[in-house]
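Laboratory data are not the source of any read-out in this text; all were calculated from the coordinates shown. All figures in this text were calculated on a predicted structure; none of them were measured in a lab. No Cβ is skipped: glycine too gets one built from the backbone with ideal geometry, and neighbour counts run over all protein chains shown.
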Amino acid sequence: MSDRSVLLIIGGGVAAYKCLELIRLLAKRGIGARAILTRAGAEFVTPLSVGALTGDKVYTELFDLTAEAEMGHIELSRSVDLVVVAPATADLLAKAANGHANDLASTAILATDKPVLYAPAMNVRMWEHKATQRNLRQLGDDGALFVGPDEGDMACGEFGHGRLAEPPVIVEAIEAALSGGARPLTGRRVLVTAGPTHEPLDPVRYVANRSSGKQGYAIAGALARLGADVTLVSGPVALDAPAGVSLARVETAREMLAASEAALPVECAVMCAAVSDYRPEIETSHKIKKDRGGLTNIPLTENPDILQTIAHLPEGERPRLVIGFAAETDDVVAYARTKRERKNCDWMVANDVSEAGHGVMGGDVNEITIIDGEGEETWPAMPKEAVAARLAARIADALGQKGRQT
Ligand code: CTP
């Protein structure tokens, strides 16, 4: 990627500050960046900080004779391999969808002969507005590329879709676009399990756990963006299927095992689900009543271990890369190491689900250690989307290497 460069158009949104991290990450990958900072963008980050990171002049005005003499706006929009708009505000998307050219940013988007990648960021109501959705469809029809937005808490205090994708995820999308959309996992079948399982006791009660499914859904989405043919087997969660993923919804561990086996053969299995280890021995079809013995004693029986079942399949049927997750509260890495051996996984991803561990269960941040046959790798705490992007890239590398070996 070392000879590649992007034109980064920084729109006016609170998330504009994340562009500084984006430029830094691109530089680390050897991807150069030139920047256009819109007038609204300059309310959130200064040209000085952007320029210090790009190591270049920051372009701000359409009618700037000095800048035009050095590099005209048409040339600027074509001097790179990709145009990246981040944050892509509702206004920038509207202008681009309608072919406006009334400032430097919109003119560069209209004048470029290179692909344009938008990383939208805005308030959830603006994102959901029919006008924005219409503009997105138009841009999609015109060949635009998109990354995000994410769902989560917003600076304005609301919750929903509209958060700028995290910089590592944008970098991943930029690299994919720069490599001509080359998707290293194209044609590879992958199984991902996610979420909790619900183990029914009677028509109104079940045994479950706090898993939100966010990490597994993010991994399924990231793998699909790299071209994988992903089956996501999910327990009950309040999440939509990520784009391009085929979703099988299940309730119990036994259903999850059956749906996972039905998804085979796969080259890689990523078992993120927090499967309930036990289920009530008896499931009654009528509500258990307090005055008729009640629930003081619930006999439990063990559920099948899905990961262990799949990881112990005979060679030829076993996925080449089996990845387990170990949610622990104490001695996190030590337990995960043992679990990796016991469950016959290639990689075990350990995370701390104790109170001290970033509120992993249900939260948006994760801090993981990957244990494989060669050692351990601890990643800094980062949003689950970013963990997913990095893990998907690691999986693509591993399958690529295994592919070459075989
Ligand atoms: N797992 C599974 N089926 C089960 C239990 C766990 O597939 N019945 C998988 C999970 O998806 C995860 C890994 O096994 O990838 C580890 O899950 P965890 O709950 O941490 O391990 P347990 O085997 O339940 O061990 P323990 O409860 O003793 O920590």
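Observations on the structure shown:
- Annotation: region 297-383 has a Kirkwood hydrodynamic radius of 14.1 angstrom, from the mean reciprocal C-alpha pair distance.
- Acute angle (nearest 10 degrees) that the helix 332-343 long axis makes with the longest principal axis of the chain, alpha-carbon atoms: 60
- Cross-link pairs beyond the 31 Å C-alpha cut-off, checked among K214/K290; K18/K214; K289/K384: K214/K290; K289/K384
- The slack between Y17 and L300, meaning 0.36 nm per residue of separation minus the straight C-alpha distance, is 96.7 nm.
- At R0 = 35 Å, FRET efficiency that the Cβ-Cβ distance of K287 and S354 yields, to 0.05: 0.50
- On Cα atoms only, tilt of 167-178 relative to the major axis of the chain in degrees: 70
- Kirkwood hydrodynamic radius (C-alpha pairs) into Stokes-Einstein, the chain, 10 °C and 1.306 mPa s, D in µm²/s: 69
- Only helices enter this figure: runs of n ≥ 4 DSSP H residues, each worth -39500 (n - 2.57), summed and divided by the residues of the chain, yield -10000 deg cm²/dmol at 222 nm to the nearest 500.
- Separation between Cα centres of region 257-280 and region 294-335, rounded to whole Å: 9
- The distance between label points at T46 and V237 comes to 4.2 nm (points 7 Å beyond Cα on the Cα→Cβ vector).
- Projection of the Cα convex hull of region 189-405, averaged over all directions and equal to a quarter of that hull's surface, yields 12.7 nm².
- Relative packing of peptides 44-55, 84-95, 11-22 - highest average C-beta neighbours within 10 Å first: 84-95, 11-22, 44-55
- Neighbour net charge for K290 - beta-carbon separation under 13 angstrom, K R +1, D E -1: +2
- Cα-centred dipole magnitude for region 189-405, charges only on beta-carbon of K, R (+1) and D, E (-1), debye, nearest 20: 460
- In this simple spin-label approximation, L264 and E341 carry label points 7 Å from Cα along the Cα→Cβ vector, and these lie 2.5 nm apart.
- Packing, as the average of other Cβ atoms within 10 Å across residues, places the peptides 111-122, 234-245 in the order 111-122, 234-245, highest first.
- Loop-located trypsin sites (Lys or Arg not before Pro) in region 178-245, at most 16 other Cβ atoms within 10 Å (DSSP): R210
- The listed peptides 330-337, 216-223, 28-35, ordered by packing as a protection proxy, come out as 216-223, 28-35, 330-337 (highest mean of other Cβ atoms within 10 Å first).
- What the Kirkwood sum gives for region 5-178 is a hydrodynamic radius of 15.8 Å, with every pair of different alpha carbons counted.
- Length-normalised contact order of the chain in % [C-alpha pairs under 8 Å, at least 6 apart]: 11
- Only beta bridges with both residues in region 189-405 are counted; by DSSP, about 40 percent of them are antiparallel.
- About the Cα centre, charge dipole magnitude for the chain (Lys/Arg +1, Asp/Glu -1 at Cβ), debye: 580
- Cα long-axis angle, helix 214-225 against the chain (0 to 90 degrees, to the nearest 10): 60
- DSSP-defined beta bridges in region 5-178 - what % are antiparallel, rounded to 5: 20
- Among beta bridges identified by DSSP and lying wholly in the chain, the antiparallel ones come to about 30 percent.
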